[in-house]
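Taken together, the values in this text are just the output of simple stated rules run on the coordinates, not laboratory data. Bear in mind that the values here come from a model prediction, so they are computed numbers and not experimental data. Quick reminder, even Gly has a Cβ in these numbers, built from the backbone with ideal geometry, and neighbours come from all protein chains shown.
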Amino acid sequence: MSLLFKVFDTEESRINFMLGCIRVANCNDELHENEKDFIIDAATGLGLNDHKKEELYAVMYRGFKRTQISFKTRQQEILFMKEVIDLCYYDGTYDSREKQEIGFLAEELNIPKNAVDKIEEWILEGIEWNKKGEYLLNNL
């Protein structure tokens, strides 16, 4: 069972997670293929049925909308923030519009700036860890 499936344990929390991801992916008016793949993979990993996935994909292709989201637990909020910041890096950049949108989400979810900074650091450490692993796989 994936961590997302375990933490986002209701359909409502899973839909809110997806809507938040779509919001962030569209915030800079550039929905990259990597971001689409992330969203499709997340919807599948969360066990959403085909009808719900189709509804979410339609929302994804409509473009940016600042959809209000909420979660029932702090763990859901923190994992959501981790995943959407990770999503921002999927196209190779974490641009100013994405950072601004992350800031708006943090405010909406009452997540302090220093917590967002720690999550961003966590993501960067993970990216470096993956790069090191890829290097080792290719060079040992």
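Spatially, the stretch 27-62 and the stretch 111-140 are offset by 24 Å when compared through their Cα centroids. Restriction of the chymotrypsin sites (Phe, Trp or Tyr not before Pro) in the stretch 45-140 to DSSP coil positions whose beta-carbon has at most 14 other beta-carbons within 10 angstrom yields no sites.
Under the simplified labelling scheme, the residue 12-residue 93 pair shows an inter-label distance of 3.8 nm, with each label point 7 Å from Cα along Cα→Cβ. Which angle between 0 and 90 degrees, to the nearest 10, do you get for helix 11-26 versus the longest principal axis of the chain when only C-alpha atoms count? Helix 11-26 and the main axis of the chain meet at about 60 degrees. Computed from Cα positions, the angle between helix 113-139 and the longest principal axis of the chain comes to roughly 50 degrees.
Each Cα pair under 8 Å and six or more residues apart adds its separation to the average, and for the chain the resulting relative contact order is 29 percent. For GluC sites (Glu not before Pro), no site in the stretch 40-140 is both called loop by DSSP and has at most 11 other Cβ atoms within 10 Å.
Across the stretch 29-43, coupling constants 3J(HN,Hα) worked out from phi with the 6.51/-1.76/1.60 Karplus curve, θ = phi - 60°, read 6, 9, 8, 7, 4, 4, 5, 4, 4, 4, 5, 4, 5, 5, 4 Hz, and Gly and Pro carry x.
Please work out the FRET efficiency for the pair residue 113 and residue 140, using the Cβ-Cβ distance as r and a Förster radius of 35 Å; give the result to the nearest 0.05. For R0 = 35 Å, the calculated efficiency reads 0.30. Using only Cα atoms, find the angle between the long axis of helix 96-108 and the longest principal axis of the chain, and express it within 0 to 90 degrees, rounded to the nearest 10. Rounded to the nearest ten degrees, it is 50. Can you list the trypsin sites (Lys or Arg not before Pro) in the stretch 22-124 that are in a DSSP coil and have 13 or fewer other beta carbons within 10 angstrom? In loop regions of the stretch 22-124 (DSSP not H, G, I, E or B), the sparsely surrounded trypsin sites (Lys or Arg not before Pro) are 65, 66, 72. With Cα atoms as the point set, the radius of gyration and Dmax of the chain evaluate to 15.0, 48 Å.
Only residues of the stretch 11-25 count here: report those whose backbone N is under 19 Å from the spot 7 Å along Cα→Cβ of residue 58, or say none. Of the residues in the stretch 11-25, 12, 15-23 have backbone N under 19 Å from the label point off residue 58.
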